[in-house]
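As structure tokens, the structure follows; a few thoughts come after it.
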Amino acid sequence: MQAKIRKIAVFLEETHLEMGREISPATRKATAVAVIENPLAGQYQDDLEALMEIGAEMGDLLGRRAVEALGIAPEAAESYGKAAMVGENGELEHAAAILHPRLGAPLRAAVGKGAALVPSSKKMGGPGQVLDVPLGHKDAAYVRSHFDATVVSLNDAPRANEIMVAVAVADSGRPLPRVGGLTKDEISGKDGLR
């Protein structure tokens, strides 16, 4: 593995009750986070290949960890998302290099398909700051019931020369969805939209 990982954390969130109504089965989201060394911290480089390769590693590792935390078969995953926070000696483009060119394909393999774009966010920050991880249906971006997010925060990350990378996977949409639109039972999953 090319990434120098200082820490991995995995979070599982289950919602059993919302607005006084029982959610059965519970809606569940798992977020896997890796805190890695930023090999380009403190320097400008045109070539971001090293970070792109790390992105592929993170898509596989964190995607599998999130699915394992949910205790489901990969195909049972319904939504996904990704995010990265660079420490103060990095730049937003470092987060983009981790997230965009190569993280998606291994993540899709970890969740057993994924025709839709993987929603993402990137930011600069420091230890203890919150990183929002957007979620969307893995096969059809127009499924409104799966427009969601989760948040992660680690008290000691990211440090100045680090990047905190997160992948979230859910086995359902939001609890009690009722804003209309395409339902998960209506998707074709061919074009990533419907």
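No lab work stands behind these numbers, since they all come straight from the coordinates. Bear in mind the structure is a predicted one, so any value in this text is a computation, not a measurement. Reconstructed Cβ throughout: ideal geometry from the backbone, glycine too, with neighbour counts over all protein chains shown.
Here are a few things to note about the model shown:
- Flag not set for residue 83, criterion: buried (at least 21 other Cβ atoms within 10 Å of the Cβ) and out of contact with any Pro (no Cβ under 8 Å at 6 or more places or on another chain).
- Taking strands (runs of 3 or more DSSP E) as the structural unit, those lying wholly within the range 67-175 and holding at least 2 residues that are under 24 Å from residue 42 (Cα atoms) correspond to 79-86, 120-124, 162-170.
- The lone exception for residue 143 - which of (1) within 17 Å of residue 33 (Cβ to Cβ); (2) aliphatic (A, V, I, L, M); (3) buried (at least 20 other Cβ atoms within 10 Å of the Cβ) it fails: (1)
- Taken over the range 1-44, the criterion of being over 17 Å from residue 156 (Cα atoms) and not in a strand (DSSP E or B) is satisfied by 1, 2, 3, 19, 20, 39, 40, 41, 42, 43, 44.
- Subset of the range 176-191 [outside any loop (DSSP other than H, G, I, E, B) and crowded, with 16+ Cβ neighbours inside 10 Å]: 184
- If you go through the range 106-132 and keep only what is within 17 Å of residue 53 (Cα to Cα) and more than 13 Å from the chain's Cα centre (by Cα), you end up with just 109.
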